[in-house]
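Everything on this sheet refers to the single structure shown next.
The values are calculated or read from the model by the stated rules, or taken from the named source; none is laboratory data. In this text, all values refer to a predicted model and were calculated from it rather than measured experimentally. For neighbour counting, all protein chains shown are included, and Cβ atoms are generated from backbone atoms with ideal geometry for every residue, glycine included. Please note that ligands, DNA and RNA were not included when accessible areas were found on the heavy atoms of the full protein model with its side chains. Shrake-Rupley method; radii C 1.70, N 1.55, O 1.52, S 1.80 Å.
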Amino acid sequence: IKTMTYFQNDSIKLDLDLYLPKKKANEKIPLIIFAFGGGFSGGERTGEKDFGIFMAKNGYAVASISYTLYMKGKDFGCKGSLTEKVKAIQLGVSDMWQATSFLIENANKYNLDTSKIFISGISAGAEIGFHASFWDYKLMNLYQNNLPQNFKYAGFIGGSGAIMDTNLITKEKAIPMLLAHGNNDETVPYNAGSHRSCPTNASGWMILFGSYAVYNHMNELHKDIELITFCGGGHEFSGYLFHQGQQYVLDFVNDVLKGKRFESHVIIP
């Protein structure tokens with residue numbers, strides 16, 4: 001496990017932990033970049049250490065990143081403001097893009113395969129993953145535009161995340177996805193719904209499209225997606241894929257790299 005600073009400016013210094021397989025691989029190593037959860041106000045990049053170790057033991061590199069916690073001390077709920085919520089996501093996404101470009105620049109040093117970079121996250125981190133995959137990079141990036149032209153993540157693994165608009169996911173931009181979500185989640189909607197279940201007259205009202213809405217959209221596009229639904233479950237299942245469900249992640253990334261086609265919806269009572 002190596003810790004390094006991937007981004008620094010006058011006001012912020014951001015680090016990542018890179019988990020690497022012990023065995024030297026002959027070919028370059030696929031990479032999974034991970035963003036933790038915590039409502040853009042808390043959380044630690046070391047929280048999913050077991051996931052990093054598990055994937056490294058199975059031949060994958062994992063980069064767990066720190067990112068700007070813009071909502072620290074602010075209201076990310078119903079009394080907050082929509083513009084502040086969007087800014088929190090935009091900062092996190094811009095950090096993710098900087099981390100991605102840093103790892104691409106240093107790929108040779110760590111034997112990383114830049115054509116096989118997956119993105120993943122829990123809750124707020126999954127919102128970062130969704131928007132980093134599908135937002136317009138040149139339009140939304142707050143820092144230096146230093147990602148290779150036409151860069152695309154190899155796939156996305158999201159725990160209880162959501163996107164602002166499923167129309168951002170087009171046939172051209174779609175990537176394979178593995179999503180898990182409780183269908184009674186009151187924090188991040190499972191289908192289309194209000195963030196934090198806020199009423200429409202709340203200052204912090206924001207419509208989000210959760211895992212089930214994305215699953216249906218991807219089916220219409222005939223693109224590869226797996227959804228795990230926890231029937232009756234709430235937001236407590238956001239970390240499932242990175243704790244109890246690690247094997248699901250390993251099978252998913254293996255399948256994507258083998259070029260397998262898939263579409264499944266697993267419902268867990």
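Looking only at residues that are hydrophobic (A, V, I, L, M, F, W, C) and assigned to a strand (DSSP E or B) in segment 20-37, which one is nearest to Leu112 (Cα to Cα)? Can you show your working first?
We begin by selecting, within segment 20-37, every residue hydrophobic (A, V, I, L, M, F, W, C); these are 20, 25, 29, 31-36.
Retained after the next criterion (residues that are assigned to a strand (DSSP E or B)): 29, 31-35.
Working: Ile29: 5, Leu31: 7, Ile32: 10, Ile33: 12, Phe34: 15, Ala35: 19 Å.
Result: Ile29.
Is it the case that some residue within segment 8-15 is within 24 Å of Ser238 (Cβ to Cβ), open to solvent by less than 50 Å² (accessible area, probe 1.4 Å), of a type in the set (Asp, Glu) and not in a strand (DSSP E or B)?
Start the filter on segment 8-15 by keeping residues that are within 24 Å of Ser238 (Cβ to Cβ), which leaves 14-15.
Next, from what is left, pick out any that are open to solvent by less than 50 Å² (accessible area, probe 1.4 Å): 14-15.
Remaining after also requiring of a type in the set (Asp, Glu): 15.
Keeping just the survivors that are not in a strand (DSSP E or B) gives none.
So far as segment 8-15 goes, no, none of its residues is within 24 Å of Ser238 (Cβ to Cβ), open to solvent by less than 50 Å² (accessible area, probe 1.4 Å), of a type in the set (Asp, Glu) and not in a strand (DSSP E or B).
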Query raised in the report: If you check Leu103 against the conditions, is it touching a residue at least 40 places away in the same chain (Cβ under 8 Å), in a strand (DSSP E or B), crowded, with 19+ Cβ neighbours inside 10 Å and aliphatic (A, V, I, L, M)?
Result: no
Report task. Considering only segment 106-139, state which residues are in contact with a Lys or Arg (Cβ under 9 Å, 6 or more places away or on another chain), open to solvent by less than 10 Å² (accessible area, probe 1.4 Å) and part of a helix (DSSP H, G or I). Result -> Ala107, Phe134
Query - strands (runs of 3 or more DSSP E) (entirely within segment 150-269) containing at least 3 residues that are within 29 Å of Ile104 (Cβ to Cβ) and in contact (Cβ under 8 Å) with a residue 24 or more places away in the chain - result: 155-159, 177-182
Query raised in the report: Out of all the residues in segment 222-249, which are farther than 16 Å from Ser123 by Cα, of a type outside the set (Val, Ile, Thr) and surrounded by 16 or more Cβ atoms within 10 Å (Cβ to Cβ)?
Result: Lys223, Asp224, Glu226, Gln246, Tyr248
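What residue, of Lys72, Lys87, Lys57, Lys49, is surrounded by fewer than 23 Cβ atoms within 10 Å (Cβ to Cβ) and closer than 19 Å to Ser194 by Cα? Spell out how you get there, then give the answer.
Numbers: Lys72 fails: closer than 19 Å to Ser194 by Cα; Lys57 fails: closer than 19 Å to Ser194 by Cα; Lys49 fails: closer than 19 Å to Ser194 by Cα.
After ruling out the rest, the residue left standing is Lys87.
With the requirement that a residue be hydrophobic (A, V, I, L, M, F, W, C) and surrounded by 22 or more Cβ atoms within 10 Å (Cβ to Cβ), what does segment 16-38 give you? It would help to see each step written out before you state the result.
At the first step, the residues of segment 16-38 found to be hydrophobic (A, V, I, L, M, F, W, C) are 16, 18, 20, 25, 29, 31-36.
Residues satisfying the conditions are Leu16, Leu18, Leu31, Ile32, Ile33, Phe34, Ala35, Phe36.
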Report summary line: Going through segment 90-100 in order, the residues found to be open to solvent by 10 Å² or more (accessible area, probe 1.4 Å) and closer than 12 Å to Trp135 by Cα are Gln90
Report task. Kindly list, by first and then second residue, each pair from a residue in segment 48-61 that is under 15 Å from Asn111 (Cβ atoms) to a residue that is open to solvent by 10 Å² or more (accessible area, probe 1.4 Å) and of a type in the set (Phe, Trp, Tyr), limited to pairs with Cβ atoms under 7 Å and residues at least 6 apart or on different chains. Result -> Ala61/Tyr110
Requested in this report: Restricting attention to segment 140-172, report how many residues are open to solvent by 30 Å² or more (accessible area, probe 1.4 Å), under 16 Å from Ile33 (Cβ atoms) and under 17 Å from the mean Cα position of the chain (by Cα).
Outcome: 2
